[in-house]
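Engineer: One structure follows; several queries about it will come next.
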Ligand SMILES: [Zn+2]
Ligand SMILES: [Zn+2]
């Protein structure tokens, strides 16, 4: 989806869908597109570039970072980027701006919507996606998905810990409790 800036008078609205097959990496990225990416973007011509504002939405399938089960994530995000003329090699100061994620360089004429929309989707994926807010994840001992079924591992280790703690506290009491008792007896005598 390439738009030519020279064909835009001052503002134009582009609307459509990007099919999954057209996306840079729908495979091997750890997620899949369940739907095409829908977009509705207003392009405004500005001096030396263009401003793009609009909405991007799609549905992804990806693994939960806690329980590793695939779930579908709805993306519905606002796009707000600036396109500026590609700098020449001498203009090092301008080159630094490219580190900011909402600025793209272009040749002053061709605006390719696809990578911009794709990046917007990528940026909207949480670093640690969760299938549900309170996902309980996997048991570190047996690997059981705790959302589906409770296992006994946690309980066993808790009981063991409790017992150890109890015996530790009892011992502590013996060591430090006796001298106090002695004090009391001395006072009487
Ligand atoms: Zn989960
Ligand atoms: Zn377990």
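Engineer: Check residue 79 against each of (1) surrounded by fewer than 14 Cβ atoms within 10 Å (Cβ to Cβ); (2) assigned to a strand (DSSP E or B) and name the one condition it does not meet.
Structural biologist: Failing condition for residue 79: (1).
Engineer: If residue 76 satisfies all but one of (1) in contact with a strand residue (DSSP E or B) (Cβ under 9 Å, 6 or more places away or on another chain); (2) touching a residue at least 24 places away in the same chain (Cβ under 8 Å), what's the number of the condition it fails?
Structural biologist: Of (1) in contact with a strand residue (DSSP E or B) (Cβ under 9 Å, 6 or more places away or on another chain); (2) touching a residue at least 24 places away in the same chain (Cβ under 8 Å), only one is false for residue 76: (2).
Engineer: Scan region 39-67 for residues that are in contact with a helix residue (DSSP H, G or I) (Cβ under 8 Å, 6 or more places away or on another chain) and surrounded by fewer than 20 Cβ atoms within 10 Å (Cβ to Cβ) and report the count.
Structural biologist: 1
Engineer: Give the number of residues within region 24-59 that are in a strand (DSSP E or B), modelled with pLDDT under 95 and either within 16 Å of ligand 1 (Cβ to nearest atom) or within 15 Å of residue 118 (Cα to Cα) (or both).
Structural biologist: Total satisfying the criteria: 2.
Engineer: Please give the number of the condition residue 186 fails out of (1) exposed (fewer than 10 other Cβ atoms within 10 Å of the Cβ); (2) modelled with pLDDT of 60 or more.
Structural biologist: Of the numbered conditions (1) exposed (fewer than 10 other Cβ atoms within 10 Å of the Cβ); (2) modelled with pLDDT of 60 or more, the odd one out for residue 186 is (2).
Engineer: Quickly run through region 102-143 and pick out the residues that are more than 30 Å from residue 85 (Cα to Cα) and touching a strand residue (DSSP E or B) at 6+ places or on another chain (Cβ under 7 Å). Step through it out loud before you land on a result.
Structural biologist: First pass over region 102-143, keeping only residues more than 30 Å from residue 85 (Cα to Cα): 126-143.
Correct list: 129, 131, 138.
The values are calculated or read from the model by the stated rules, or taken from the named source; none is laboratory data. Quick caveat: nothing in here was measured; it's all calculated off a predicted structure. FYI the Cβ positions are ideal-geometry reconstructions off the backbone, even for glycines, and counts take in every protein chain you see.
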